[in-house]
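Q: The structure that follows is given in the form of structure tokens.
The numbers here are math on the coordinates, done by the rules we state, and not lab data. Bear in mind that the values here come from a model prediction, so they are computed numbers and not experimental data. Please note: Cβ atoms are built from the backbone with ideal geometry, for glycine as well, and neighbour counts cover all protein chains shown.
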Amino acid sequence: IFQRSLYGGTWALLHKGFSRWGIEATVAQGVDLASLSACLRPNTRLVYLETPSNPLLGITNIQEITAWAKQHNLLTVIDNTFATPILQKPLTLGCDVVMHSATKYLSGHSDLCAGAVVGDAASVAKIYEMCKILGGSLNAVDVALLERSMKTLSVRVLQQSQNALTLAQRLQQHPKVRDVFYPGLETHPGHEIAKQQMQGGFGGMLSFAIDPDRDALRVQQELQWIAPVMSLGGVETTICSPYLTSHAGLSAEERAEEGIHEHVLRLSVGIEDVDDLWKDLERALSSEDALKSPTEPADMGDQWKAFEQDLSK
Ligand SMILES: *Cc1c(COP(=O)(O)O)cnc(C)c1O
């Protein structure tokens, strides 16, 4: 059982990869216990969570789900990439296995590609065995970079969280911003749960929807310091349109259901001076040049078709 609202690659894996290995997966209607438990079947083995989720920062109540999963002998696996181990410790909330894209915050400098799995010795041993067989081994340089980066993980993440909260609050006041998605805001529907299960901050990721009279792509182009980048978690602030990039592989209906429309922009907030970041955002949001017709996702569709053809071979 997968919760609703997932990283695009996870979504692709369960829709396009699992059936080849005889794994059945159900995506729940929501992220709450009622929708997850409605998916329970006699052959259910595992519940998969992601919180805060990508790209709209939805919050799942981890402890409530893991308590239910234990009653039904299900393993709980969580993607903890957005929260980082500094802000959220899922093993203490009952999860069995925690995954991180180390490419993001653990690396923190946008210069390597890695992943981490954390859990009890028996689970990790099984995963490590498969990892060796499948060949996903890190090279020595990336290992050294990752070890060096992790020494500053806590200072980076705490600063990023503080900057993100400030930007979220200011964006909320901006006349050209319709909606801000950040669990640190009291208006966020998951704020109370996030407060209980996260500590030290609410993370460096936030999304916002701009006024429909502006073109999100043009707003991005107007930014001078904040770079348009699809990855996230680095010390420098970056921005992307999930509609045009990470979630372009979803169908139009799926994107609409998730609330990922053309006016949504996702910020990965860095450690810079927050007033510099705000100046850049404010200028781009107010720019007259951003008053253009929206851009449709184009290229990714063809890439997905090619990917699907590859898989079917
Ligand atoms: C980027 C990301 C991944 C995938 O990580 P890679 O290191 O790029 O393979 C998984 N989950 C989340 C939430 C991510 O942001």
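Q: Over the chain, what is the relative contact order in percent, taking alpha-carbon pairs closer than 8 angstrom and at least six residues apart?
A: Numbers: 559 pairs, mean separation 49.8, N = 313.
Normalised by residue count, the contact order of the chain is 16 percent.
Q: Can you pull the Rg over Rh of the chain, Cα-only, Kirkwood? Could the numbers behind the result be given before it?
A: Values: Rg = 19.4 Å, Rh = 20.3 Å.
Value, to two decimals: 0.95.
Q: From the square roots a ≥ b ≥ c of the eigenvalues of the alpha-carbon gyration tensor of segment 47-190, which class results: rounded (a/c under 1.5), prolate (a/b over b/c), or oblate? Intermediate results must be reported in sequence, preceding the final value.
A: Numbers: a/c = 2.51, a/b = 1.29, b/c = 1.95.
Judged from the Cα gyration tensor, segment 47-190 comes out oblate (a/c at least 1.5, b/c at or above a/b).
Q: Looking at the chain as a GNM with Cα springs under 10 Å, which of Q71, Q169, Q199 has the largest mean-square fluctuation?
A: Judging by the Gaussian network model, the answer is Q71.
Q: Still on this structure, please answer the following. Tell me, what HN-Hα J-couplings in whole Hz come from the Karplus equation 6.51 cos²θ - 1.76 cosθ + 1.60 at θ = phi - 60° for each residue of segment 153-167, using x for Gly and Pro?
A: 3, 5, 5, 5, 5, 5, 5, 4, 5, 5, 4, 5, 4, 4, 5
Q: Next question, about the same structure. A 22 angstrom limit on the alpha carbon distance is what I want to check against. Which of K89/K151; K16/K70; K195/K279; K176/K279 exceed it? Display every interim value, and only then the final one.
A: On the way: K89/K151 18 Å; K16/K70 28 Å; K195/K279 29 Å; K176/K279 14 Å.
Beyond 22 Å between Cα atoms: K16/K70; K195/K279.
Q: Moving on to the next point. Taking R0 as 51 Å, what's the FRET efficiency between N73 and R283 from their Cβ-Cβ distance, rounded to 0.05?
A: On the way: r = 55 Å, r/R0 = 1.08.
Working from the Cβ atoms, E equals 0.40.
Q: Rank these for me by crowding, E262, E257, going from fewest to most other beta carbons within 10 Å.
A: Numbers: E262 21, E257 13.
Placing the least packed residue first, the sequence is E257, E262.
Q: Ok, one more. Which whole-number percent is the relative contact order of segment 1-108 (Cα, under 8 Å, 6+ apart)? Spell out each step's value before the answer.
A: Values: 160 pairs, mean separation 25.2, N = 108.
The normalised contact order for segment 1-108 reaches 23 percent.
Q: Largest first, please: the extent of the C-alpha atoms of segment 2-76 along each principal axis, to the nearest Å.
A: Principal extents (largest minus smallest coordinate, Cα): 32, 31, 17 Å.
Q: Can you compute the modelled spin-label distance between A116 and E254, with each label point 7 Å from Cα toward Cβ, in nm?
A: The modelled label-to-label distance comes out at 3.0 nm.
Q: Rank L49, L93, L106 by mean-square fluctuation in a GNM of the chain with C-alpha springs under 10 angstrom and give only the top-ranked residue.
A: L93
Q: Additional query: For D179, which sequence-distant residues (separation of 5 or more, or a different chain) have an amide H within less than 5 Å of its own amide H, given hydrogens modelled in the peptide plane?
A: Distant-sequence amide H within range of D179: A209.
Q: In whole Å, how far is the Cα centre of segment 97-120 from that of segment 48-63?
A: Result: 17 Å between the Cα centres.
Q: How would you rank 38-44, 142-148, 159-165, highest first, on the average number of other Cβ atoms within 10 Å across their residues?
A: On the way: 38-44: 11.1, 142-148: 14.4, 159-165: 22.7.
Sorting 38-44, 142-148, 159-165 by mean packing, highest first, produces 159-165, 142-148, 38-44.
Q: Give the shape of segment 137-286 as rounded, prolate or oblate, defined through the alpha-carbon gyration tensor: a ≥ b ≥ c are the square roots of its eigenvalues, a/c under 1.5 means rounded, and otherwise the shape is prolate if a/b is larger than b/c and oblate if not.
A: On the way: a/c = 1.44, a/b = 1.34, b/c = 1.08.
The shape class here is rounded.
Q: Right, next: GNM, the chain, Cα, under 10 Å: largest mean-square fluctuation among T84, T238, T152?
A: Between T84, T238, T152, it is T152 that shows the largest mean-square fluctuation.
Q: Using the alpha carbons of segment 48-109, what is the convex hull volume per residue in cubic angstrom, as a whole number?
A: Details: hull volume 4.7 nm³, N = 62.
Spelled out: Cα convex hull of segment 48-109, divided by residues, is 75 Å³.
Q: Let me ask something additional. For a footprinting-style exposure proxy, rank C131, C240 by other Cβ within 10 Å, fewest first.
A: On the way: C131 14, C240 23.
Ascending Cβ contact count within 10 Å gives the list C131, C240.
Q: Fewest Cβ neighbours within 10 Å first, please rank T92, T76 accordingly. Provide the component values of the computation, followed by the final result.
A: Values: T92 10, T76 23.
With the sparsest Cβ surroundings first, the list reads T92, T76.
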